[in-house]
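Engineer: I have a structure I would like to understand better, so I am pasting it below and will then ask my questions one at a time.
The values are calculated or read from the model by the stated rules, or taken from the named source; none is laboratory data. Computed from a prediction, not measured in an experiment: that's the story for all the values here. Virtual Cβ from ideal backbone geometry, glycine too; neighbours counted across all protein chains shown. Just the protein is used for accessible areas: all its heavy atoms, side chains included, with ligands, DNA and RNA removed. Shrake-Rupley method; radii C 1.70, N 1.55, O 1.52, S 1.80 Å.
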Amino acid sequence: MADNDLEFTAEADPRVTGALRSHYAAPRDEAYWESLQAQVMARIAAGARASWLQVAAGWARPGLAAAAAVLLVAAALFQLNRDEPESISFAAMTQIASQPEFIYIENDAASQRDETLRLVVSH
Amino acid sequence: MRNTGTERELVVAAQRGEQAAFAELVALHQRRAYAIARAIVYVHEDAEDAVQEAFLRAYQALGKFRPEEPFGAWLSRIVANAALDITRRKKIRKADELSDYIPDRFSDPGESEELRRRLAGALALLGDRPRSVIVLHDVEGFTHVEIAKMLGIPEGTARSDLHHARRQLRKTLGNLQED
């Protein structure tokens, strides 16, 4: 001990120090220290597991949100694919429906022309 | 488990995540850690808890530790903090309860029962901080500077605590020792 007590000069009493040493004696058994070391390392391993779980728990909420978003997108795509054949058939139907009408009108105009020509020739 | 390598190498390996290296550091420092904790918490079981808690904290904070610095000094402060936390939690313990507890399982069997009883009573009357200071200084050999850092008190307070603790213990145990 290199300390030099300038103001506080009470010296250590060897008998009191001896009694204190005995009172505060650490376990002497080597097995005790091996066991303590094992307990420390077990706590560290448990702490590492706990922190891994904490990380996993931290990711759980954003993970669930991402899964929900993926589910929504998938549902929307599915719905879109289900609606597509109807819209195609509707377009096809309108196209088919318009063409005969046009042809009919055209045919109708031609027949009127033929009819008019037939009237003029007959008179 | 490795037995070679300096403490610095062990620290660097532990910082890389090698638990075996940290286990070796535990083996190297656990006796000193126990002595510090025991000086502060008084009771063996609490000292054991403080040592375990301190090593866990040290492992978690290992990334912040600079390997060129002395690991023992850094660990000592962590041990002292863990022990002080336990002391704060158990502040309600009465002096009577403390003096009733005589941790004699590791002490010298040749020592008289009366001396043990009187010493336990005298230590209980000392109060937590002066008791820690006298044990850390006179039993464990720490300097006032080291004790002040560990306990988070001014160096002058450590000196004054030691002075008063020595006087009080000598006074309390004086009669018995003169017999």
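Engineer: Got a sec to turn the phi values of the range B:70-86 into Karplus ³J(HN,Hα) couplings, 6.51 cos²θ - 1.76 cosθ + 1.60 with θ = phi - 60°, whole Hz, x for Gly and Pro?
Structural biologist: Taking θ as phi minus 60°, the curve returns x, 5, x, 5, 5, 5, 4, 5, 5, 4, 4, 5, 4, 5, 5, 4, 5 Hz for the range B:70-86.
Engineer: Follow-up question, since we're still on this one. Spin-label point model (7 Å from Cα, Cβ direction): what's the B:ALA73 to A:ASP114 distance in nm?
Structural biologist: 11.6
Engineer: Enumerate the whole-percent occupancy of each 5 Å bin, from 0 to the last occupied one, for all C-alpha pair distances of the range B:1-92.
Structural biologist: In whole percents, the pair-distance histogram is 2, 15, 27, 22, 16, 10, 6, 2, 0, 0.
Engineer: Also: Rolling a 1.4 Å sphere over the protein heavy atoms, what is the accessible area per residue of the range B:1-92, to the nearest Å²? Each step should come with its number before you reach the end.
Structural biologist: Working: 4310 Å² over 92 residues.
For the range B:1-92, the per-residue accessible area is 47 Å².
Engineer: Along Cα→Cβ, 7 Å out, is where each label goes; now give me the distance between the ones at A:ARG15 and A:ALA46 in nm to one decimal.
Structural biologist: 4.6
Engineer: Rounded to the nearest 100 Å², what is the sum over both chains of accessible area buried where B meets A, with a probe of 1.4 Å?
Structural biologist: Details: alone 10490 and 11780 Å², together 18140 Å².
Summed over both sides, the interface buries about 4100 Å².
Engineer: Also: Share of the range B:114-179's accessible area from carbon and sulfur, percent, 1.4 Å?
Structural biologist: Carbon with sulfur: 48 percent of the solvent-accessible area.
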